[in-house]
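Here's the structure we're looking at; comments come further down.
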Amino acid sequence: MKDYIEVDEWKIIEEGFNPHHNKVSESIFSLGNGRMGQRANFEEAYSGETLQGNYIAGVYYPDKTRVGWWKNGYPEYFAKVLNAANWVGIDIHIENEQLDLAKCEVITFRRELNMQAGYLKRNFTAKTASGKIVEVEAIRFCSMVDDEAGAIKYTITPLNFSESLTITPFIDGDVVNKDSNYDEKFWDEIKKESWNDGGFLQMRTKKTGFEVATGMLISVLQNNAPVKLNTQAVTKEKYIAAKFKLQTTEGQSITIIKYAANLSSQNYAAADLLIKLKETLVRISKKGFEAMLQEQAAAWAEKWKMNDIIIEGDVSAQQAIRFNIFQLNQTYTGEDDRLNIGPKGFTGEKYGGSTYWDTEAYCVPFYLSTADQKVTKNLLLYRYKQLGKAIENAKLLGFNNGAALYPMVTMDGTECHNEWEITFEEIHRNGAIAYAIFNYVRYTADEAYLADYGLEVLIAIARFWSQRVNWSADKQQYVMLGVTGPNEYENNVNNNWYTSTLATWCMKYTMEVVAMVKTADSAKYAALVAKISFKEAEETARFKDIVAKMYYPYDGKQQVFLQQDGYLDKEQILVKDLPAVDRPINQKWSWDRILRSCYIKQADVLQGIYFFEDQYDLETIRRNFDFYEPRTVHESSLSPCVHAILAAKLGDEARAYEFYLRTARLDLDDYNNDTEDGCHITSMAGTWMSVIEGFGGMRVIDGKLSFQPFLPAKWQSFSFHIGFRGTILNIKVSKNGVQIKNLSGTETSVLVYDKEQTVKANDELLVEA
Ligand code: BGC
């Protein structure tokens with residue numbers, strides 16, 4: 001845990017330079033625009049601890065799997081999020097001395113992420129080894145308007161000397177992935193050019209053949225007057241630069257504006273990349289840095305209109321929730337159904353792949369309420385388009401008849417995870433995909449989606465579950481053996497309650513949707529039946545039989561659902577009785593010890609209760625919460641949010657708030673000591689859920705929004721916008737009660753504390769506390 005980020009409503013601020021925090025800050029201060037993004041690496045050289053990272057959405061490399069002991073069914077490759085050309089670099093030499101903060105005395109240092117306007121600003125004053133003092137201000141952003149472009153304004157002022165500066169803006173494609181399995185470099189150079197005012201580099205990924213052209217145009221001002229550039233081209237393999245020398249005068253600044261763009265062959269024919277790149281560079285440089293920055297602020301203002309959560313009375317909580325929302329919007333904008341939300345977004349490499357069950361279980365609710373419904377639809381279509389690969393994946397493991405097992409981790413639909421206990425066994429991810437379809441339709445009422453796409457996915461998933469269970473002659477029930485639940489601190493268990501519950505729910509829901517689609521659009525239904533050879537009577541008979549005769553572990557004494565068979569055989573020492581030196585157990589204990597312990601990594605039974613809350617009475621929820629939470633170490637970032645929502649549901653406001661703080665400031669305070677690898681982007685959607693579904697108590701009930709809000713003791717109020725079926729509501733919870741503003745032109749009704757309230761078009765009402 002760290003505590004160095006300064007508290008501010010709209011900014012993330014680091015004051016003073018601590019090299020030990022640098023990699024953490026590089027993650028926290030990351031920038032992105034859904035299409036590309038990068039860690040907050042310095043523009044000038046830095047020889048200290050750093051993790052260079054520039055990423056282009058959807059551009060990946062299938063790194064050959066490396067495992068000690070090969071198991072049949074393992075995927076051959078692991079798709080890595082690819083570190084791409086570094087376009088932010090501006091090397092500075094003062095005479096022969098390179099500016100490098102690791103070798104300077106850093107006199108002042110401030111890094112600021114302006115979330116309101118969407119840019120990163122860094123100011124420092126540093127003294128070089130030979131005593132030269134410079135002042136630098138660097139502002140940069142990844143444009144939300146031109147999502148293939150970014151820009152940097154780098155101003156350097158000599159404070160105690162008048163000597164020549166050699167300035168080298170560059171693009172460096174000679175980059176590596178820290179997590180490369182065979183220390184291989186993933187890019188080949190295709191071509192490059194240098195121009196007097198910039199240059200470009202075109203690279204191609206090995207194996208996948210993605211081509212990315214990265215270009216820069218530069219302009220320079222000295223003491224605010226344009227400088228006629230006379231640069232020297234520097235080229236080496238995978239590198240271009242435009243180097244120039246300027247005589248400086250003490251106190252007079254030099255400003256380098258670097259316009260950059262990254263274009264990928266995903267969106268253009270490779271042969272056109274250069275032309276399109278030049279067009280982009282010319283277009284943005286004509287606009288100019290200041291105009292781009294203004295556009296950026298306007299684009300973010302538009303996002304914030306719908307996305308912001310305003311918290312009065314707690315600046316730290318305000319900063320945290322905005323940070324989460326900011327990062328989510330930087331990661332995924334929802335226009336492209338080939339893209340998804342990687343757990344680290346554009347902030348790091350760890351985890352590879354871009355899509356986990358995190359998207360369906362955690363991110364979908366955020367995008368459903370804060371963005372146009374096409375954004376969530378695109379997330380669902382991403383999986384729809386990968387159905388063929390999910391069927392192939394299941395086939396590889398021995399399933400048939402069109403059964404689909406979606407990958408644990410993927411880029412393009414191919415499984416790229418390779419630990420048998422997760423790849424083959426953490427199959428609950430399949431259920432989350434079905435649940436997201438249900439959630440989307442429940443929220444939007446877009447039932448046409450079911451006939452067009454959803455049902456096909458649901459049947460394939462239900463087929464998988466129906467083959468994955470087996471009949472136990474002993475129990476005279478169906479069982480599900482050899483699985484890993486969301487709690488990855490238990491592997492290869494039998495009858496994980498969550499997985500079994502989700503499996504039978506999938507089959508029930510599939511049957512409901514079969515009936516719906518058949519009635520609503522019999523022609524489409526018939527076409528689907530033919531396309532996938534669905535033997536309705538026979539297959540649904542099996543689904544029904546499994547639903548009726550499934551075994552779920554239960555402990556009658558404590559009246560709780562059992563996480564899996566045998567869970568109570570474990571030594572039951574609660575987390576509160578674990579010595580602090582043993583935490584986090586995933587860093588302090590052997591895997592063997594973890595597996596034999598009763599400790600739970602993240603919500604497992606409670607994840608199921610969260611999904612299917614309306615099936616359980618409050619006492620059942622309470623008993624299970626009181627049993628499982630004290631055994632949960634919350635070592636996955638996805639854990640606290642589910643607990644916050646359930647604690648809120650149970651009326652335990654203090655605990656709900658405690659869990660909220662833990663999820664909201666997870667990265668800002670480096671709670672799990674791992675933010676240096678990247679931010680926990682997908683769990684940020686969970687933070688949003690903690691506020692909206694936790695403190696706001698928002699649910700969709702029978703096609704209506706329902707709220708059961710409470711105000712955390714420390715807050716004066718909180719408010720947020722929700723988009724729902726064509727209406728936009730602003731909800732404000734304060735000591736006075738719950739104010740609902742209807743910002744749209746149609747009347748709507750919502751439930752507040754279970755009572756229906758009708759709000760006229762463009763009107764508001766207050767439900768008093
Ligand atoms: C969690 C998974 C999650 C993954 C990516 C793991 O630590 O246990 O549930 O899908 O991280 O966020």
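The values are calculated or read from the model by the stated rules, or taken from the named source; none is laboratory data. Please read all numbers here as calculations on a predicted model, not as lab measurements. Every residue, glycine among them, receives a Cβ derived from its backbone with ideal geometry; neighbour counts consider all protein chains shown. The accessibility values were calculated without ligands, DNA or RNA, using every heavy atom of the protein model including side chains. Shrake-Rupley method; radii C 1.70, N 1.55, O 1.52, S 1.80 Å.
Below, the figures for the structure above:
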item: Residue identified as open to solvent by less than 10 Å² (accessible area, probe 1.4 Å) and part of a loop (DSSP other than H, G, I, E, B) among Glu44, Glu26; result: Glu44
item: Condition met for Tyr384 (touching a residue at least 60 places away in the same chain (Cβ under 8 Å), farther than 24 Å from Ala301 by Cα and open to solvent by 10 Å² or more (accessible area, probe 1.4 Å)); result: yes
item: Wholly within the stretch 531-608, helices (runs of 4 or more DSSP H) carrying at least 1 residues that are out of contact with any Leu (no Cβ under 8 Å at 6 or more places or on another chain) and within 16 Å of the ligand (Cβ to nearest atom); result: 585-588, 591-596
item: Qualifying positions in the stretch 592-624 - within 27 Å of the chain's Cα centre (by Cα) and of a type in the set (Phe, Trp, Tyr); result: Tyr599, Tyr610, Phe611, Phe612
item: Test: residue in the stretch 236-252 that is touching a strand residue (DSSP E or B) at 6+ places or on another chain (Cβ under 6 Å) and without any contact (Cβ under 8 Å) to a residue 24 or more places away in the chain; result: no
item: Entirely in the stretch 230-332, the strands (runs of 3 or more DSSP E) that have 1 or more residues that are more than 31 Å from the chain's Cα centre (by Cα) and within 22 Å of Gly32 (Cα to Cα); result: 254-264
item: Single unsatisfied condition, Glu279 versus (1) out of contact with any strand residue (DSSP E or B) (no Cβ under 8 Å at 6 or more places or on another chain); (2) under 17 Å from Asn54 (Cβ atoms); (3) among the acidic types (Asp, Glu); result: (2)
item: Residue that is farthest from Asn96 (Cα to Cα) [pool: residues in the stretch 107-145 that are among the β-branched types (Val, Ile, Thr) and assigned to a strand (DSSP E or B)]; result: Ile139
item: Conditions (1) out of contact with any Asp or Glu (no Cβ under 8 Å at 6 or more places or on another chain); (2) more than 23 Å from Ala394 (Cα to Cα); (3) not β-branched (Val, Ile, Thr): number failed by Met516; result: (1)
item: Test: residue in the stretch 483-493 that is hydrophobic (A, V, I, L, M, F, W, C), without any contact (Cβ under 8 Å) to a residue 12 or more places away in the chain and either assigned to a helix (DSSP H, G or I) or out of contact with any Gly (no Cβ under 6 Å at 6 or more places or on another chain) (or both); result: no
item: Whichever residue in the stretch 8-22 is open to solvent by 80 Å² or more (accessible area, probe 1.4 Å) and in contact (Cβ under 8 Å) with a residue 60 or more places away in the chain and, among such residues, is nearest to Gln52 (Cα to Cα); result: Glu15
item: Residue check for Thr331: among the polar types (S, T, N, Q), within 14 Å of the ligand (Cβ to nearest atom), more than 23 Å from Val457 (Cα to Cα) and surrounded by 21 or more Cβ atoms within 10 Å (Cβ to Cβ); result: yes
item: Filtered residues of the stretch 553-590 (kept if surrounded by 12 or more Cβ atoms within 10 Å (Cβ to Cβ), in contact (Cβ under 8 Å) with a residue 12 or more places away in the chain and of a type in the set (D, E, K, R)); result: Asp555, Asp565, Lys570, Arg583
item: Out of Ile152, Ile92, sole residue that is in contact with an Asp or Glu (Cβ under 9 Å, 6 or more places away or on another chain), closer than 19 Å to Gly48 by Cα and of a type outside the set (D, E, K, R); result: Ile92
item: Residue in the stretch 496-515 that is open to solvent by 10 Å² or more (accessible area, probe 1.4 Å), in a helix (DSSP H, G or I), away from the ligand (no atom under 16 Å from the Cβ) and aliphatic (A, V, I, L, M) present; result: yes
item: Members of the stretch 690-749 that are crowded, with 18+ Cβ neighbours inside 10 Å and modelled with pLDDT under 95; result: none
item: Of residues in the stretch 382-432 being part of a helix (DSSP H, G or I), aliphatic (A, V, I, L, M) and within 13 Å of the ligand (Cβ to nearest atom), the one farthest from the chain's Cα centre (by Cα); result: Ile422
item: Answer residue from the stretch 87-99, given it is assigned to a loop (DSSP other than H, G, I, E, B) and over 32 Å from the mean Cα position of the chain (by Cα) and is surrounded by the fewest Cβ atoms within 10 Å (Cβ to Cβ) among those; result: Asn96
item: Odd one out for Tyr671 among (1) open to solvent by 10 Å² or more (accessible area, probe 1.4 Å); (2) within 13 Å of the ligand (Cβ to nearest atom); (3) touching a Lys or Arg at 6+ places or on another chain (Cβ under 9 Å); result: (2)
item: Among residues of the stretch 351-366, those that are more than 9 Å from the ligand (Cβ to nearest atom), open to solvent by less than 10 Å² (accessible area, probe 1.4 Å) and of a type in the set (Ser, Thr, Tyr), counted; result: 2
item: Residue that is nearest to Ser683 (Cα to Cα), among those in the stretch 617-643 that are at pLDDT 95 or above and charged (D, E, K, R); result: Glu629
item: Any helices (runs of 4 or more DSSP H) falling wholly within the stretch 631-750 and containing at least 3 residues that are touching a residue at least 60 places away in the same chain (Cβ under 8 Å) and touching a helix residue (DSSP H, G or I) at 6+ places or on another chain (Cβ under 9 Å); result: 653-664, 681-689
item: Number of positions in the stretch 614-661 that are more than 16 Å from the ligand (Cβ to nearest atom), open to solvent by 10 Å² or more (accessible area, probe 1.4 Å) and among the hydroxyl-bearing types (Ser, Thr, Tyr); result: 3
item: The stretch 124-147: number of residues that are among the hydrophobic types (A, V, I, L, M, F, W, C), open to solvent by 10 Å² or more (accessible area, probe 1.4 Å) and more than 21 Å from Pro19 (Cβ to Cβ); result: 3
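Okay, residues lined up against (1) among the hydrophobic types (A, V, I, L, M, F, W, C); (2) open to solvent by less than 10 Å² (accessible area, probe 1.4 Å); (3) within 16 Å of the ligand (Cβ to nearest atom):
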position: Gln296; (1), (2), (3): no, yes, no
position: Asp314; (1), (2), (3): no, no, no
position: Phe346; (1), (2), (3): yes, no, yes
position: Asp372; (1), (2), (3): no, no, no
